[in-house]
């Protein structure tokens, strides 16, 4: 093995050892719903839609954690629908924490195309972290 390859290999080993010694790890075992499988742990509980005058809607409400396990860094998709049940606006949000058997608030602005009105909003759980 030539000297440059050996130097690079030693560098990677040193970095790896430093990371291990500092406690930096990525434990994928505590990430909930890694494969975006359907889960009913975190669900939409309430929603309030307030229309603004510039083709945007202020959406607030509660999500409910239906299990004892606390979730942190909960990622959700918020989708706004018109009266024909067509998706006209979508965004992703992150809720910092939802304690077990508890509720958490969310707030988001959804922009819409001109002359479209949001009449219904649905939240979809993407993933979150245990603990």
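The values are calculated or read from the model by the stated rules, or taken from the named source; none is laboratory data. Predicted model only: the values in this text are computed from it and were never measured. With ideal geometry, Cβ positions are generated from the backbone for all residues, glycine too; neighbour counts draw on all protein chains shown.
Key figures for this structure:
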| quantity | calculated |
| --- | --- |
| Breaking point among (1) within 17 Å of residue 126 (Cβ to Cβ); (2) loosely packed, with under 14 Cβ neighbours inside 10 Å, for residue 84 | (1) |
| Any hit, segment 1-15, residues being modelled with pLDDT of 70 or more, assigned to a loop (DSSP other than H, G, I, E, B) and exposed (fewer than 10 other Cβ atoms within 10 Å of the Cβ) | yes |
| Residue match in segment 104-119 (condition: on the phi > 0 side of the Ramachandran plot and in a strand (DSSP E or B)) | no |
| The lone exception for residue 73 - which of (1) on the phi < 0 side of the Ramachandran plot; (2) touching a residue at least 40 places away in the same chain (Cβ under 8 Å); (3) assigned to a strand (DSSP E or B) it fails | (1) |
